[in-house]
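Novice: Have a look at the structure that comes next, please.
All of the numbers you see were taken from the coordinates with simple rules; none came from a lab. This one's a predicted model, so the numbers in the text were calculated from it and none came from an experiment. Glycine also receives a Cβ, built like all others from the backbone with ideal geometry; neighbour counts cover every protein chain displayed.
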Amino acid sequence: MSLTAVKRQRSLGGTARKPLVPKGWGLFLFGRFIRRGDYIMEGKFYVTTPIYYPSSRLHIGHAYTTTVADALARWHRFLGKDVFFLTGSDEHGQKIQRTAAERGITPKEYVDDVVESFKELWQALNIQYDDFIRTTDARHHRAVQEVFRRIYNNGDIYKSKYEGLYCVPCETFWLETKLQDGNCPDCGRPVELVEEESYFFRMSKYADRLLQHIEEHPEFIQPETRRSEMVNFIKGGLDDLCVTRSTFDWGVPVPIDEGHVIYVWFDAVTNYLTAAGFPDERAKLKQWWPADVHLVGKEIMRFHTIIWPIILMALGEELPKTVFGHGWLLFDSDKMSKSKGNVIDPHELIGEMGEDPIRYFLLREVSFGQDGNFSRRALIERTNADLANDLGNLLHRTLSMLGKYYQGVIPEPTGTLESVDLELQQLAETTCHRTVELLDRLKINEATAGIWRLVARANKYVDECAPWTLAKGDETKERLATVMYNLMEVQRITTLLIKSLIPRTSERIWQQLGIDVPIAGMTFHDTAWGGLKPGTQTQKGEPLFPRMELEEPDETAEVSSPAGTKPDENAVKPDEKADAGTEDRLDGVVGIEDFAKLELVIAEIKAAGSVKNADKLLKIQVDVGGEERQIVAGIAEHYQPEDLIGRRIVVVKNLKPVKLRGEWSEGMLLAATSTDGSLELVSVSDSIAPGSPVK
């Protein structure tokens, strides 16, 4: 990333307003200070998804990766960069050939139909990729064969005989020692004994070089847990890789031996080079390679962080800057699988709710890098709380007041700024720069949560300033104008920050704000405070997100069954003929639906310190699974700050943030108090990872 100094002043049709902070102020970011208005970001950003296997239609888990990639691509365009966003389909292999044969059609006919469904889903989710590559493309065959030929000519591919175990569904070779109960350790299905003449790639030759690269470039494999796994795998010893097959023909032909096709994974990972212009378009390749981020699921990290970089080393090409292995999107804590009947069809959800609630849930709910849980209830609750209540209600209520007091026209802020105004402006400024920092580190959900803290602060600002009261007296009219301007301006800035995340919603808000400059042309520079032109005529519309009602559970269902799951037929049901004293004994109890609203997770304490002028309070920084938060707790009489570092504790993650003695508290820790007044934190062993749910 480079930052180029440019002098420019711009606002949305008006004079640039006085900035909140002194001239020259900026945020220390990427090793230097950034002063908005003096600097814009430039350069390129090449992001890829894995290319998806067309063995069946895609589910919501596949949509997760592509939505993240799309949001990152849009964000880097917003920063002013040239962006290349690649996705596609991985269409070769024995599994595809067998499936097509079972259906009485050719492999190409089979994959054509499934791949079309991929593109339909990306369109429905408003995914704007720059290139969709198919491994059946002629350009890709040319690239794969050239990669094979060059590595063969370098002496790193040789011919031998392969006898071993192969998982057809995963298209993966396995040593017997790696199997679990005789089955594939990845998918759990049976493996097949394969005996055939093959070509082998000298992977072992590059093991030490790859380890050195990983050590010198810790950003290459992210998150850190994946890096440790891959390093251990390499240190365990790399075998040479069988890179051709001769018992079927659905694949890229080996250029030096027509009786063989190239191993599907050697073929698949090359797509990232193909799309960047390899081997013929050297100018294009120079522009885009190496890739900045490969986004992949954790189950295919070995292929992308061991096989792929070694191919590139043998080829003499640079390695990608970062391979990020994210977790799985689970359904009720179980991996989605058609065989388990728990696959979620994203088309049905989009048809019911629209694409932006789905996009927002995927980006906000899951700590990127960790496994995340998907349920219809969680989706509806997140939509109601964040999109309907916070974002949508803020816009609707402020536009209603603006229409009542100013006929919908943005007023000129003429009053003196008070501390509450400065706090709102400073949070807006900090949020903008913090979002840049977090998204650069791929902290997707933290960045999204940070933007929504600004939305929450704006809602609180409404209550603190009470425009309805200011409107009653002539002496407070100037103050009213300032408050209303600030409210509309913070929403303009928020809309710019979310346009990469939920683009359709941002366009709707932009239209209601009445700004005549298209939002598509806005950049990060335009998030500076004061860009909203007084005199702008707003256009109040319908509420953005009508609240959705959760379906009431079947009265005959077992009380504690998770929403959307089949109740246990053997479970004990409430006695319909309870004795007369039941109601008295149940006084004060809560139902399972109340408990389910609490998001309890494991957190690791990273730092702790005292709170100024508060003897009983400590402020602690905790990792709740790829996201850091601050919690203020009354435990200073029981613990020294240094004794807390490294503890794994239980916290309430979704508690509404509050300010205690000038410090924000974003959660609550759990502790037990004995009859003598002593207190002890509820904690777990180090084997439970931060972010793990408590049930």
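Novice: In nm, give the distance between the simple-model label positions of K606 and R661, each being 7 Å from the Cα along the Cα-to-Cβ direction.
Specialist: Result for the modelled spin labels: 2.3 nm.
Novice: Still on this structure: Over 26 Å between Cα atoms: which of K81/K298; K95/K298; K499/K533; K44/K95 fall into that group?
Specialist: From K81/K298; K95/K298; K499/K533; K44/K95, over 26 Å: K81/K298; K44/K95.
Novice: Would you grab the residues whose amide H sits under 5 Å from the one on E197? Only those 5+ places off in sequence or on another chain, please, with H modelled 1.01 Å from N.
Specialist: Y162
Novice: To continue, here is another question. Which far-off residues, 5 or more places away or on another chain, put their amide H under 5 Å from the one on F84, with H placed in the peptide plane?
Specialist: Answer set, sorted by chain and number: F45, Y46, V47.
Novice: Mind putting a number on the dipole of region 469-558 about its Cα centre? Charges go on the C-beta only, +1 for Lys and Arg and -1 for Asp and Glu, and I need it in Debye to the nearest 20. Numbers along the way, then the final one.
Specialist: Working: 10 positive and 14 negative charges, 168 e Å.
Using Cβ point charges on Lys, Arg, Asp and Glu, region 469-558 gives about 800 debye.
Novice: Here's a follow-up. Set the Förster radius R0 to 41 Å, insert the Cβ-Cβ distance between E196 and R377 as r into 1/(1 + (r/R0)^6), and round the FRET efficiency to 0.05. Present the calculation step by step, with values, prior to reporting the outcome.
Specialist: Numbers: r = 50 Å, r/R0 = 1.22.
The computed FRET efficiency comes out at 0.25.
Novice: Residues with beta-carbon under 14 Å from that of G155, excluding G155: net charge, scoring Lys, Arg +1 and Asp, Glu -1? All intermediate terms of the calculation are to be shown ahead of the outcome.
Specialist: Details: positive: R149, R150, K159, R202, K205; negative: D156, D240.
Taking every Cβ under 14 Å from that of G155, the sum is +3.
Novice: Sticking with this structure for a sec: If r is the Cβ-Cβ distance from R453 to K119 and R0 is 30 Å, what FRET efficiency results, to the nearest 0.05? Don't skip to the answer; put the middle values down first.
Specialist: Details: r = 36 Å, r/R0 = 1.20.
Once rounded, the FRET efficiency stands at 0.25.
Novice: Right, something else. Apply the Karplus curve 6.51 cos²θ - 1.76 cosθ + 1.60, θ = phi - 60°, to the phi angles in region 601-609 and return the couplings in whole Hz, x for Gly and Pro.
Specialist: So the J values, rounded to whole Hz, are 9, 7, 10, 9, 6, 9, 7, 8, x.
Novice: Where a ≥ b ≥ c are the square roots of the eigenvalues of the C-alpha gyration tensor, would you call region 375-527 rounded, which needs a/c under 1.5, or, failing that, prolate if a/b is larger than b/c, or oblate? If you can, show how the numbers build up before the last one.
Specialist: Values: a/c = 1.70, a/b = 1.57, b/c = 1.08.
Taking the square roots of the gyration eigenvalues as a ≥ b ≥ c, region 375-527 is prolate.
Novice: Further question on the same structure: Hand me the trypsin sites (Lys or Arg not before Pro) from region 424-530 located in a DSSP loop with no more than 16 other Cβ atoms within 10 Å, in residue order please. Don't skip to the answer; put the middle values down first.
Specialist: On the way: sites: R434, R441, K443, R453, R457, K460, K472, K477, R479, R492, K499, R504, R508; in loops: R441, K443, K472, K499.
Loop-located and lightly packed - R441, K472.
Novice: Would you grab the residues whose amide H sits under 5 Å from the one on V611? Only those 5+ places off in sequence or on another chain, please, with H modelled 1.01 Å from N.
Specialist: Residues meeting the amide H criterion: L617, K619.
Novice: Then there is this: Read phi for every residue in region 118-131 and hand back ³J(HN,Hα) as whole Hz from Karplus 6.51 cos²θ - 1.76 cosθ + 1.60, θ = phi - 60°, with x for Gly and Pro.
Specialist: 4, 5, 5, 5, 5, 5, 5, 8, 6, 8, 10, 7, 8, 8
Novice: Right, next: Can you run phi through the Karplus equation (6.51, -1.76, 1.60; θ = phi - 60°) for region 277-286 and list ³J(HN,Hα) in whole Hz, with x for Gly and Pro?
Specialist: Couplings: x, 5, x, 8, 8, 5, 5, 5, 4, 5 Hz.
Novice: Here is a further query. Work through the residues other than L175 whose Cβ is under 12 Å from its Cβ and net out their charges, Lys, Arg +1 and Asp, Glu -1. Before the final figure, lay out each step's value.
Specialist: Details: positive: K178; negative: E163, E176, D239.
Surrounding charge for L175 is -2.
Novice: Rounded to the nearest 0.05, what FRET efficiency do A466 and S56 have when you use their Cβ-Cβ distance and R0 = 45 Å?
Specialist: Rounded to the nearest 0.05, the efficiency is 0.20.
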